[in-house]
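Peer 1: First the structure, which I've put down as structure tokens, then a few questions once you've had a look.
The values are calculated or read from the model by the stated rules, or taken from the named source; none is laboratory data. Here the structure is a predicted model, which means the values were calculated and not measured. Cβ: placed from backbone, ideal geometry, glycine included. Neighbour counts: every protein chain shown. All accessible areas refer to the heavy atoms of the entire protein, side chains included, with ligands and DNA or RNA removed. Shrake-Rupley method; radii C 1.70, N 1.55, O 1.52, S 1.80 Å.
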Amino acid sequence: MPEKIMVVDDEEAIADLVEVCLKNEGYQVYKYYNAADALQCVEQEEVSLAILDVMLPDMDGFALCQRIRQEHFFPIIMLTAKVDAMDKITGLTMGADDYVTKPFHPLELITRVKSQLRRYTRYNPADTHTREEEGDQIDIRGLSIASSNHKCTLNGRELSLTPREFSILLYLCQRQGKVVSSEELFEAVWGEKYLDSNNTVMAHIARLREKLQEPARRPKYIKTVWGVGYTIE
């Protein structure tokens, strides 16, 4: 069964172009020009990945991304005409997994779609038969995380994490007691070369701390080792 991609962009020419490119790769495409129809789609269909434009007529893409993340964990790629770093960080902290700046080359977008789907499959609960199902749960002072069922709980309360947030937290927990640099964390989770000016890891760590209800000055779990990286003791 082909993977289902949702495309949301009020510029019909761009939405049509993306639709054609995705269909040529064998994907099933749901195309919408506003957020309301997109939200209805994710409730009715098993979407594998979403491509969201930032500028929509009824709701901006960041807000739409945040709404989707309340219930769903599939990858989200933002399409943005903006190049400001804070806009990119905003999208990532709202739950987006990647962004593509307009104008873009269709092949670049397809490459990013394939990359996100590969990474998502690695942590998808439906694919647990490919992973070791026993002995994968890690418990650290009330924090429990398991790759076999993609579940993370804090003191018995399940946390709603994006696939990227889950991957970051799992990577740190698996290396409990060790300091992991931003470069190592980025290259392990994103699978791309780390750049010194990249604030993506910091933005995701901040979002994770919010969900873990970590106090800013004395975090219980994810601690910053200044000038080195992050650790879970």
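Peer 1: For R141, what accessible area in Å² do you get when you roll a 1.4 Å probe over the heavy atoms of the protein chains, rounding to the nearest 10?
Peer 2: 110 Å²
Peer 1: Over 26 Å between Cα atoms, which of K193/K223; K4/K193; K31/K102; K114/K193; K23/K151; K178/K211 qualify?
Peer 2: K4/K193; K23/K151
Peer 1: Per residue, what accessible area does the chain have, given a 1.4 Å probe and all protein chains present, in Å²?
Peer 2: The answer is 51 Å² per residue.
Peer 1: Treating only the Cβ of Lys, Arg, Asp and Glu as charged (+1, +1, -1, -1), what charge dipole size does the chain show about its Cα centre? Round to the nearest 20 debye.
Peer 2: I would put it at about 1080 debye.
Peer 1: So how do S160, S115 rank on accessible area, 1.4 Å probe, biggest first, that is with the largest at the start?
Peer 2: Putting S160, S115 in descending order of accessible area: S160, S115.
Peer 1: Starting from the Cα of K220, draw a straight line to each of the aspartates and glutamates and keep only those under 19 Å, dropping any in the same chain fewer than 8 residues away.
Peer 2: D139, E158, E165, E210, E233
Peer 1: Once the dipole of the chain is set up with Lys and Arg at +1 and Asp and Glu at -1 on Cβ about the Cα centre, which of P103, L143, L185 lies farthest towards its positive end?
Peer 2: L143
Peer 1: Can you tell me the orientation of helix 35-44 relative to the chain, as the angle in degrees between its alpha-carbon axis and the longest Cα principal axis, to the nearest 10?
Peer 2: Computed tilt is about 70 degrees.
Peer 1: Using a Gaussian network model of the chain whose springs link C-alpha atoms within less than 10 Å, name the residue from Y120, Y27, Y221 with the highest mean-square fluctuation.
Peer 2: Taking springs between Cα atoms under 10 Å, the residue moving most is Y27.
Peer 1: Mind ranking 224-230, 58-64, 17-23, 172-178 by how tightly packed they are, going by the mean number of other C-beta atoms within 10 angstrom, highest first?
Peer 2: Going by the mean number of other Cβ atoms within 10 Å, highest first, we get 58-64, 17-23, 172-178, 224-230.
Peer 1: Same structure again: Would you be so kind as to identify which of A50, P2, F73 lies farthest towards the positive end of the dipole of the chain, taking Lys and Arg as +1 and Asp and Glu as -1 on Cβ and the Cα centre as origin?
Peer 2: So the residue we want is F73.
Peer 1: Let me ask you something else. Compute the angle between helix 106-123 and the longest alpha-carbon principal axis of the chain, please, reported from 0 to 90 degrees and rounded to the nearest 10.
Peer 2: 40 degrees
Peer 1: Can you tell me how the chain classifies by the Cα gyration tensor, rounded, prolate or oblate, using a/c under 1.5 as the rounded cut?
Peer 2: prolate
Peer 1: Carbon and sulfur: what percent of the chain's accessible surface (1.4 Å probe)?
Peer 2: The computed percentage sits at 49.
Peer 1: What does the extension gain come out to for D37 and T111, with contour length at 0.36 nm per residue minus their alpha carbon separation?
Peer 2: Computed gain between D37 and T111 is 24.0 nm.
Peer 1: Once the piece of chain linking N199 and E158 is laid out straight, how much longer is it, given 0.36 nm per residue of separation minus the C-alpha distance between them?
Peer 2: Difference between extended and current length: 12.0 nm.
Peer 1: Let me ask another. Give the relative contact order (percent, whole number) for the chain; include only Cα pairs under 8 Å separated by 6+ residues.
Peer 2: Reported relative contact order: 13 percent.
Peer 1: Could you order peptides 149-156, 44-51 by the average number of other Cβ atoms within 10 Å of their residues, highest first?
Peer 2: 44-51, 149-156
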